[in-house]
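Reading through the structure tokens given below for one structure.
Throughout, read-outs are computed from the coordinates displayed, never taken from laboratory work. For clarity, every value in this text was computed on a predicted model and none was experimentally measured. So basically every Cβ, Gly included, is an ideal-geometry build from the backbone, and we count neighbours across all protein chains shown.
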Amino acid sequence: METEKKTFKTMTVGEKLEHIWEYYKLALLIISLVVGLVIYIIYKLVAPEPDSILNVTMVNSYPLNVEGEDTFDRYLKEHGYNPKDETIAVNSTLYMDANNASQSSAVAFQALLAMSIVGEIDLLIGDEAVFQLFGSGNGLLEMDTVLPEELVEKYQDDLYTARAQDTGEEFVCGIRLPKGNPLEKDGYYGEGVMAGIPYTGVNQDEAKEMLLYLLGENDK
């Protein structure tokens, strides 16, 4: 056991993630399905009012840094929504450390996977480790199906490529938001934050609009 711990410490981030997935894949999937059902039932029982037009999950964010009106409030206002009737549901409670296979990180990953399975994440925001995990599981839409061709070309240096765990195939599933983006200005994140759209999301059109807004490309 001591030797295994030392070996784990010498692994790269990618190797650690592959190790965890390889040895605990079945247990994670079973637990995630159970947690997902519980989350889904609770959500249906206490669905927030007003109606949510978009479900955003932000991993490893700093919501306590944000004061007053934020990115999501401004998005609603600028896009003609009435906050009394429609809102954006934001989950900013999950934290994961890819360099530390702790119980809390495992629980956060299980919750994230469960929420995605039941379609409760329309827009995922986080750091590279988050997208490495989700990308390896084929959980995110490819950027060429999300952004117009001209924007894929414009942001080609900021696109994130993941490798599928099952096939080894590489695909572009995320994009780094530019420096000075709305979330950075609010204090949710520093530089290097990424965004992507899970293929199970139920509000994909709105998620695409929100992504354009975060990129500064939405003139709606």
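For G174, neighbours were defined as the other residues whose beta-carbon sits under 11 Å from its Cβ, and their charges (Lys and Arg +1, Asp and Glu -1) total -3. Taking a ≥ b ≥ c as the square roots of the eigenvalues of the alpha carbon gyration tensor, region 83-135 is prolate, as a/c is not under 1.5 and a/b beats b/c.
Classified by the C-alpha gyration tensor, region 82-190 has a rounded form. Its axis ratio a/c, with a ≥ b ≥ c, is below 1.5.
Taking label positions 7 Å along the Cα-Cβ direction at both E170 and K154, the computed distance is 2.5 nm, reported to one decimal. A cut-off under 12 angstrom between Cβ atoms defines the neighbours of G201, and their net charge, with Lys, Arg +1 and Asp, Glu -1, is -3. Find the centroid of the Cα atoms in region 53-114 and in region 151-171, then give the distance between the two in whole Å. Result: 23 Å between the Cα centres.
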